[in-house]
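In what follows, a structure is listed as structure tokens, so that the remarks can point back to it.
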Amino acid sequence: MTAHVEKLRGARVGVALSSGFFGFFHHAGALEALASRGIVPARITGNSAGALVGAMYAAGLEPAEISAELLSVARADFWDPGWPFSARGFGFLAGEKLAARIARALPVHGFAECRVPLSLGVYGLADGRTRHLKSGALVPAVRASCAVPYMFQPVEIGGRTYWDGGFGEKTPLAPFIEAGDVDAVVVSYLPPRDAEPGGKRRNPLSFLPKPSALLAETPSDERIERDRAAVAILRERGVRVLVLGPTPVKLGPFSLERGEEAVRAGREGVGRILDSEDGSALGSPQLS
């Protein structure tokens with residue numbers, strides 16, 4: 001048998017970074033694992049936390065630099081609570097500090113200046129459609145894709161108002177289908193926070209509706225079905241798809257001190273899968 005990483009040698013590899021609340025540390029570790037094995041993304045996509053890491057890589061930062069940059073982030077760098085109602089919509093945080101922090105972190109500020117093609121998923125409030133931004137200014141696109149509903153105020157780009165790309169879609173795979181220019185796609189996958197592997201919620205109060213259910217959030221199972229369908233289309237076209245979903249370290253805005261642990265878990269977990277010959281080690285049960 002051949003290790004998974006060997007099957008990527010010489011291939012034009014696309015990397016998809018899924019949404020996941022504060023999962024950017026995990027994705028940074030995943031990119032470190034790929035880089036240490038000589039796997040260089042030829043195209044990259046990201047939703048939410050994945051959009052931040054994907055943009056940092058495409059803009060010119062190496063994986064170890066991305067990890068270092070993220071580990072230097074403090075809550076004060078993005079925590080700007082204020083009047084939650086704006087012309088764009090509701091959000092506890094204004095997002096201005098987040099935009100400034102993103103601008104400082106990115107070596108370039110336009111999609112056209114990126115070293116590899118980049119697509120970032122966003123959710124349109126007006127029509128409930130997921131779009132993949134791939135041109136124009138980089139900072140507002142990243143900010144929009146990271147605008148966690150209710151936590152951040154929506155972001156306006158080109159006359160449209162957007163929220164977090166993970167609101168309607170877990171993993172941005174459509175850009176690879178549209179482009180048709182990769183031989184393989186590696187997915188750094190963060191499972192839904194509200195689901196066990198068998199689909200059961202961890203929260204004992206799960207019988208209560210989530211706040212996001214008051215709007216049009218796409219349910220987790222539907223987002224998984226969309227991912228599964230996209231994976232099937234890619235494979236039908238002869239594209240090798242590796243869904244890498246080791247158990248992540250889960251954290252949030254009040255547990256950033258666990259960032260280094262999360263980076264290490266992503267790096268080591270993805271590395272173990274890449275070096276394995278075991279097909280059952282691949283991916284997430286939801287997409288396998």
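The values are calculated or read from the model by the stated rules, or taken from the named source; none is laboratory data. None of the values given here were measured: they were computed from a predicted structure. We place every Cβ from the backbone using ideal geometry, glycine too, and count neighbours over all the protein chains shown. All accessible areas refer to the heavy atoms of the entire protein, side chains included, with ligands and DNA or RNA removed. Shrake-Rupley method; radii C 1.70, N 1.55, O 1.52, S 1.80 Å.
Taking amide H positions as placed 1.01 Å from N in the peptide plane, with prolines and chain starts having none, which residues 5 or more places from Phe152, or on another chain, fall under 5 Å of its amide H?
Answer set, sorted by chain and number: Phe92, Leu93.
Report the longest stretch of the chain that contains none of the chymotrypsin sites (Phe, Trp or Tyr not before Pro) sitting in a DSSP loop with at most 14 other Cβ atoms within 10 Å.
80-206
Below 13 Å, Cα to Cα, which aspartates and glutamates can Lys250 reach? Residues fewer than 8 away in the same chain don't count.
Straight-line reach from Lys250, under 13 Å: Asp194, Glu260, Glu261.
If I fit a long axis through the Cα atoms of helix 220-236 and take the longest principal axis of the Cα atoms of the chain, what angle between them do I get, 0 to 90°, rounded to 10?
It works out to around 40 degrees.
Using the heavy atoms of the protein chains alone and a 1.4 angstrom probe, what is the accessible area of the range 8-74 per residue in square angstrom?
Solvent-accessible surface per residue comes out at 26 Å².
Note the angle between two axes, namely the Cα long axis of helix 96-105 and the longest principal axis of the Cα atoms of the chain, as a number of degrees from 0 to 90, rounded to the nearest 10.
30 degrees
With an 8 Å Cα cut-off and a minimum separation of 6 or more residues, compute the relative contact order for the range 1-142 in percent.
Normalised by residue count, the contact order of the range 1-142 is 23 percent.
Between Arg104 and Glu236, what FRET efficiency follows from the Cβ-Cβ distance if R0 is 35 Å, with the result rounded to 0.05? Don't skip to the answer; put the middle values down first.
On the way: r = 42 Å, r/R0 = 1.21.
E(calc), rounded to 0.05, equals 0.25.
Return the long-range amide H neighbours of Ile157 (sequence gap of 5 or more, or a different chain), with a cut-off of under 5 Å between placed amide H atoms.
When sequence neighbours closer than 5 places are left aside, the close amide H contacts are Tyr162.
From the Cα gyration tensor of the chain, with a ≥ b ≥ c the square roots of its eigenvalues, which class applies: rounded if a/c is under 1.5, or else prolate if a/b is larger than b/c, or else oblate?
rounded
Carbon and sulfur: what percent of the chain's accessible surface (1.4 Å probe)?
On the way: 6850 of 12500 Å².
That share works out to 55 percent.
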